[in-house]
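Here is the structure we will look at.
Just so you know, all these numbers are worked out from the coordinates, no wet-lab data involved. Remember, predicted model here, so these are calculated numbers, not experimental data. All Cβ positions, glycine included, derive from the backbone under ideal geometry; neighbour counts span all protein chains shown.
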Amino acid sequence: MDESGVDLLLGCSRANVGYLADYTYYVAQGLPYVLEDGRQWSITFVGVARDAKIPAFVTPVSSEHGSIAHADPWIADRRFWGPKWTYSGQASPTSGGAPADVAECVADAVRERGLASGRIAIEIEATPATRYLRLRELLPEAEFVDAAGIFRDLRIIKTEREIARLREVAIATDAATAAAYEALSGAPTETELQTVIAGTLVDHGMAFGWCSVAYGPKGTTLIEATDRAPAAGEIVRIDIVGLHRGYYSDMSRVNSFSRRPDDACLRAHAAILETNEVMRRETGPGVRCSDLARLAHETLGKRGYPMLAPQAGHGIGRDVHEPPYLAEWDTTELRPGMVIDLEPAMRVAGVGSVNIEDMVLITERGCDVLTRYPRDLSVFG
């Protein structure tokens, strides 16, 4: 914030509200929802000033006063807004009424802090146009700039607490992967296998984000789970996203059902496995993301396969895909504390979706692989 000359950082996306406050209302894990008056959409802002002596503020909606009191995040100034909530025989923070407009809460907090004519970094892409225009109307002397670069710099290196959460969700995701392949003995449909994955994550104290389940050639064009049952010799590719206290996992493996697959499947798996191995070996501090991406494309290309997408991986944390990105356009140098997903992937006609994806922590000497389920192709069921 000092380098950017910003007086106030204002976040409103799920990821950045969670990052700044270490608190996210449970129903805000997905898309915004309509409030109880049926008129407005939910949104929460967190404001953190450059001057450490100026207190931060957060604007929860009226329905979450019990949740935020229970979580008790570090931000003491909690400005409720939204529909009035009335309890029989019990008062609530909004029983006397609260502003109907979240922009009024933000503007009031900014004025009280003497920052109404300051430089405010706001999430341009995440802020709804109606709220952004209203803030500019209420704070006409403020200069609004994009906060994307500041959040990128803040979040790209993980703290020990963040790393601990990422380790925990990676361990649970390994367990969900193991449970899924073991469940193939019952020849489940893709949707049934998805249920096994979700249940295992929950059993390990995590939340289920989503997953891809693709049996055989169907995965070439469709990786969503369907009612399709596996056929002998088909590859079974799964890609799992779990969530633990605001932090995501993302990993993928490929095995086969009932018997060893044909040569086309074996060649494709060997190519992606080699690319994954090369990436893990070469990933470490000082390596540029663009060079790692180029290496992945070259390794897979020598085997005669094109990479599915220009990107060969991405950062992971409060978003499943976040900076840095393993793409030719991103020349970021990897540094200790970054957590990235190595994701060489391809789709092969007649074979399916082929992807071996791992979460890794950049260390002083290389990388620590957080997802450790075996990568060699095995037969299940």
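For the stretch 1-70, which chymotrypsin sites (Phe, Trp or Tyr not before Pro) are both in a DSSP coil and crowded by at most 16 other Cβ atoms within 10 Å? Filter output for the stretch 1-70: Tyr33.
Ordered by the number of other Cβ atoms lying within 10 Å of each residue's own Cβ, fewest first, Tyr373, Tyr247 fall into the sequence Tyr373, Tyr247. Within the chain, antiparallel bridges make up roughly 80 percent of the DSSP beta bridges whose residues both belong there.
Report summary: the helix-based calculation at 222 nm, which adds -39500 (n - 2.57) for every DSSP H run with n ≥ 4 and divides by the residues of the chain, gives -9500 deg cm²/dmol.
Exposure proxy shown here: for Leu8, Leu133, Leu35, the number of other Cβ atoms within 10 Å sets the order, fewest to most, as Leu133, Leu35, Leu8. Over every Cα atom in the chain, the radius of gyration and the widest Cα-Cα span, Dmax, amount to 23.4, 72 Å.
In the stretch 8-155, Cα pairs under 8 Å separated by at least six residues give a relative contact order of 23 percent. Within the same chain, aspartates and glutamates fewer than 8 places from Lys84 are excluded, and of the rest, those with a Cα less than 13 Å from its Cα are Glu36, Asp37, Glu64, Asp101. Helix screen, the chain: DSSP H segments with Cα axial length of 15 Å or more and mean Kyte-Doolittle hydropathy at least -1.0 are 102-112, 160-182, 190-203, 263-282, 289-302. How many percent of Cα pairs in the stretch 160-380 exceed 30 Å? Tail fraction, whole percent: 18. Listed from fewest to most Cβ neighbours within 10 Å, the set Lys84, Lys158, Lys302 follows the order Lys302, Lys84, Lys158.
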